[in-house]
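Single-structure report; data block below.
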Amino acid sequence: MNPAPAVGTPGSPYGLPTGITTVLFDLDDTLVPYLPCWTTALDTVTQPLAHTHSGVSGPAIAAAYTRVSDTLWRDYEQALAHLGPTPVIRAHVWRTALHECGIQPDERELGALVADFARQQLLAITPDRQTAALLERLALRYRLGVVTNGDRSTQHAKLGHAGLDGAFETVVCALDTGARKPDPAPFLHACSDLSVAPEQCLYVGDSWANDVVGAHGAGMHPVWICPDTVPAPPGRPPAARFPDLPSCLNALAAHAVRRPARETEPT
């Protein structure tokens with residue numbers, strides 16, 4: 001096995017551990033600024049609904065969907081997991097929200113809405129050349145992967161629209177593996193894919209509960225992406241904290257040695 005590169009030098013201001021070979025990332029709102037795209041898409045699809053269903057406004061439908069989606073996905077194991085495939089789950093969330101607004105969609109209308117919402121979310125994602133360049137630089141020093149709570153088709157499409165689909169050696173999608181973050185299982189799945197130990201991994205994410213707590217529980221070194229003005233919740237602090245992704249990627253690249261070249265067969 002190649003020797004592990006050091007992440008930081010003694011006394012590094014970043015608080016990064018040594019012995020790291022691998023950096024894993026959350027996707028939504030870490031690698032891809034997803035919430036603005038989600039909000040834009042929601043506004044886009046709810047306006048036509050308001051025109052075809054009298055007595056309810058687009059903002060009211062959007063508010064109902066946001067509330068229902070947050071509630072159901074937060075209680076995924078009890079509220080949604082038993083429903084089966086992700087498209088069925090998404091249809092259920094929309095149906096529940098629309099029922100709250102007095103709208104009873106037929107299956108054709110519901111299916112079209114679910115598909116259009118997914119499409120509009122992807123259309124709102126734009127290529128991120130800065131992040132792509134920083135990840136390319138980082139790949140000279142570490143192995144890179146993604147651990148996300150989404151499903152494979154959707155999350156790979158997001159990476160593609162952001163221009164990041166070629167940056168990672170593994171993309172673990174928790175909805176397809178049976179357990180979602182903060183459960184240790186998807187984190188450890190990535191370790192298995194890359195044949196690395198959890199203690200060799202940094203995990204970079206924006207969610208304290210899913211990313212910091214989850215990565216720590218899996219034996220990894222969590223890195224929290226969060227504005228400095230937001231206080232850390234009570235509990236064990238993360239190994240490092242950065243206000244945004246570019247500052248994190250720059251620090252990781254600056255405080256690591258270049259990865260040893262891969263051994264090749266004599267020619």
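The values are calculated or read from the model by the stated rules, or taken from the named source; none is laboratory data. Not measured: the values here are computed from a predicted model. Note that each Cβ is placed from the backbone with ideal geometry, even for glycine, and that neighbours are counted across all protein chains shown. We work out accessible area using only protein heavy atoms, side chains counted, and drop any ligands, DNA or RNA first. Shrake-Rupley method; radii C 1.70, N 1.55, O 1.52, S 1.80 Å.
Note on the stretch 170-180: residues that are modelled with pLDDT of 95 or more and surrounded by fewer than 18 Cβ atoms within 10 Å (Cβ to Cβ) amount to 1.
When the stretch 181-208 is filtered for residues that are open to solvent by less than 50 Å² (accessible area, probe 1.4 Å), farther than 16 Å from residue 138 by Cβ and touching a Pro at 6+ places or on another chain (Cβ under 8 Å), the ones remaining, listed by number, are 187, 191, 208. Buried (at least 19 other Cβ atoms within 10 Å of the Cβ) and among the small types (Gly, Ala, Ser) - does that describe any residue in the stretch 215-233? Yes, there is a match, as at least one residue in the stretch 215-233 is buried (at least 19 other Cβ atoms within 10 Å of the Cβ) and among the small types (Gly, Ala, Ser). Only one of the numbered conditions (1) at pLDDT 95 or above; (2) more than 21 Å from residue 35 (Cβ to Cβ); (3) surrounded by fewer than 20 Cβ atoms within 10 Å (Cβ to Cβ) is violated by residue 250, and that is (1). Just one of the listed residues (30, 46, 39) is in a loop (DSSP other than H, G, I, E, B), open to solvent by less than 70 Å² (accessible area, probe 1.4 Å) and β-branched (Val, Ile, Thr), and it is 30.
Where helices (runs of 4 or more DSSP H) fall entirely within the stretch 85-169, those with at least 1 residues that are over 14 Å from residue 27 (Cα atoms) and either open to solvent by 40 Å² or more (accessible area, probe 1.4 Å) or touching a strand residue (DSSP E or B) at 6+ places or on another chain (Cβ under 7 Å) (or both) are at 86-100, 107-123, 129-138.
Among the residues of the stretch 55-72, are any open to solvent by 70 Å² or more (accessible area, probe 1.4 Å), touching a residue at least 12 places away in the same chain (Cβ under 8 Å), at positive phi and outside any helix (DSSP H, G or I)? Yes, that holds for at least one residue. Pairing each residue of the stretch 84-102 that is closer than 11 Å to residue 64 by Cα with any residue that is of a type in the set (Gly, Ala, Ser) and in a helix (DSSP H, G or I), provided the two are 6+ apart or on different chains, yields C-beta distances under 6 Å for 93/69; 97/64; 100/64; 101/64.
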